[in-house]
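Read through the structure below, which is laid out as structure tokens, and then see the notes.
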Amino acid sequence: QDVEKTGAITPGDFLVLVQRRGGIFHEIIRACKNRNLPMAGADRLRVGAELGVKDLTSLLSYLATPENNLALAEVLRSPLCGVSEAELFELSYGRGQKYLRQVLEAQKERFPGIVSMLRDLRAKSDFMRPYELLEYALTAHGGRERLLARLGTEAEEGIAALLDQALAYERSGVPSLTGFLAWLESDEVEIKRQLESRSDQIRVMTVHGAKGLEAPIVILPDSATPRETVRSEILSQDGLAVWKTRSGEMPEAQVALNEEIKARQSEERMRLLYVAMTRAESWLIACGAGEPPKEDSKSWYAMIRAGLERAGAVSGPAGVELRLSSSDWPADAVNTPLGGRDDSVPSLPAWVAEIPPAPVKQPDPLSPSDLGGEKALPGTAGEAYSEEEAKLRGTALHLLLEHLGDAPDSAREDRAASLMEPFGFPDSQDLIAQASGVLEAPELQFLFGPNALAEVPVTAQLPELGGRQISGAIDRLLITPERILAVDFKSNRVVPDSPQETPEGLLRQIGAYASALQQIYPDVPVETAILWTQTAELMPLPHDIVRDALLRTHIS
């Protein structure tokens, strides 16, 4: 926003430019944040150099290797745990060959919260990805709150950058905690933040990074001290590299080369000064941090002062040495203070103070085999086996039919014995013979071929049950363009003579499967049948019979 057009100044109108990211660069950001001024932060962020990131990295190192005494000591002294220097000394001194974690565990009554947190994080570090583990430590255990309380709000940028790096690492391959730590250590991660877009925040960046940008108000705080030293220890010219010696011991060729390098640096500083001064749309404020420059100084401050004097600048108000202006400030300028956050408490809607109703617990899915009704013909249930024994034998028979169908003849006997061994039935050979009779029946081969699906899970909401959900498994399912056939195995000792005599509970179960399948395949006829294992007989069930049985189901 151009201040000459409206006169209103907002935080986004300020652009602070420094020559390099030194101490003054970070101090400006820190001072502005301490005054609650909206800051865009640094344009470049070295993730590993942030204190909060170092504390979190130490935590990850300890979780990856609990025997890492140094990492644990760093975590204990960090804001994550808040152990004092004296307490850490008492834990560490005189422990002999014990690991620091062992000593800490032995004093869990003294540090209950810390021990509980580290135990929980260690338990979750085996299966949580790096990002999940970091976020869990920051949120569930209050790590973010503790770090910001100790390090200030500027630590939030480093924490957010570390979380971004964890997500980026997880996209690069199979994530692991040790792999993430090695990935962080292998390269100094530096984030270049995009500050080009104008937002309502103060921007602080280097002059070199500000090329192509403009702002209504540009401040140059780092203009007092000239940069005239050659910092490199190796001087190169025409492909020849030599070590830089002390100034008093330099040969003439090296002195000339050193002066040439200084001249090139001076030319580059002048180009950067031009860039810095031309970033301002309305105001350019030049000031200097540190010692005042000498009159003959080659600093930016001295050069700008000399230029202002030649242009006819006059003394400004208190605190302003020279001021040069070409237009008056607009008469209708609004004196809006450059404040920070709005700390006023907004009015809250009434529902915030109301106690929310208890969530409605959804009923558990119904099992098709538990819809009520008899499961065996009258007068036959329980003659040889109890209900629990009959169910267990039915489960064993299902296993045999599921796993023996694709077994070679030479391996079928051994596989059947291994399947029956956990049950411990004294008559397991009778069950194996019953299953073999079913599998060897020529008219049933199509149920155990490659086109049949075994133990197919099915879940659906059935309108016949008032929309209640069922969840079960169909023993055999055949899907063709002409029809859908669902077959359920039943091991009843007494087999009914007709579908009409089939026990009610079995018909309801088959009816539930038919209703669910009809929703999945609405344009294909759905057929159902029961395979009686006792007689190796497949009994088709008419659709009306199983549907009517399902409609007779009463759900409490």
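The values are calculated or read from the model by the stated rules, or taken from the named source; none is laboratory data. Quick caveat, the model's predicted, so the values are computed rather than measured. So basically every Cβ, Gly included, is an ideal-geometry build from the backbone, and we count neighbours across all protein chains shown. Calculation scope for accessible area: heavy atoms of the full protein, side chains included, ligands and nucleic acids excluded. Shrake-Rupley method; radii C 1.70, N 1.55, O 1.52, S 1.80 Å.
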Checked the stretch 403-433 for anything more than 51 Å from the chain's Cα centre (by Cα) and outside any helix (DSSP H, G or I); matches are 426, 427
Show the residue pairs that are 6+ apart or on different chains and have beta-carbon atoms under 8 Å apart, the first residue being within the stretch 306-325 and open to solvent by 80 Å² or more (accessible area, probe 1.4 Å), the second being of a type outside the set (Lys, Arg) and assigned to a strand (DSSP E or B). 323/314; 324/314
Of the residues in the stretch 434-457, those that are out of contact with any Lys or Arg (no Cβ under 9 Å at 6 or more places or on another chain), in contact (Cβ under 8 Å) with a residue 12 or more places away in the chain and not in a strand (DSSP E or B) come to 434, 435, 437, 438, 441, 443, 444, 446, 451
Let me confirm something: among 396, 390, which residue is within 45 Å of the chain's Cα centre (by Cα), of a type outside the set (Asp, Glu) and under 26 Å from residue 365 (Cα atoms)? 396
Selection count, the stretch 113-130, where residues are open to solvent by 80 Å² or more (accessible area, probe 1.4 Å) and more than 14 Å from residue 75 (Cα to Cα): 3
Being surrounded by 13 or more Cβ atoms within 10 Å (Cβ to Cβ) and in contact with a Gly (Cβ under 7 Å, 6 or more places away or on another chain), is that true of even one residue in the stretch 385-408? no
Looking at the stretch 335-345, is at least one residue open to solvent by less than 100 Å² (accessible area, probe 1.4 Å), modelled with pLDDT of 80 or more and assigned to a loop (DSSP other than H, G, I, E, B)? no
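Matching residues to (1) in contact (Cβ under 8 Å) with a residue 60 or more places away in the chain; (2) open to solvent by less than 50 Å² (accessible area, probe 1.4 Å):
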residue	(1), (2)
459	yes, no
464	yes, yes
467	no, yes
471	yes, no
Mind checking which pairs have a first residue in the stretch 474-498 that is part of a strand (DSSP E or B) and a second that is of a type in the set (Gly, Ala, Ser) and surrounded by fewer than 21 Cβ atoms within 10 Å (Cβ to Cβ), Cβ under 6 Å, 6 or more apart or different chains? 476/452; 478/452; 487/529
Regarding residue 179, is this residue under 17 Å from residue 26 (Cα atoms), at pLDDT 70 or above and either aromatic (Phe, Trp, Tyr) or part of a helix (DSSP H, G or I) (or both)? no
Residues within the stretch 489-505 that are open to solvent by less than 10 Å² (accessible area, probe 1.4 Å) and under 12 Å from residue 537 (Cα atoms), tallied: 2
Scanning the stretch 473-488 for residues that are surrounded by 16 or more Cβ atoms within 10 Å (Cβ to Cβ) and among the β-branched types (Val, Ile, Thr) gives 474, 479, 484, 487
Within the stretch 139-146, is there a residue that is open to solvent by less than 60 Å² (accessible area, probe 1.4 Å), touching a residue at least 12 places away in the same chain (Cβ under 8 Å) and over 24 Å from residue 36 (Cα atoms)? yes
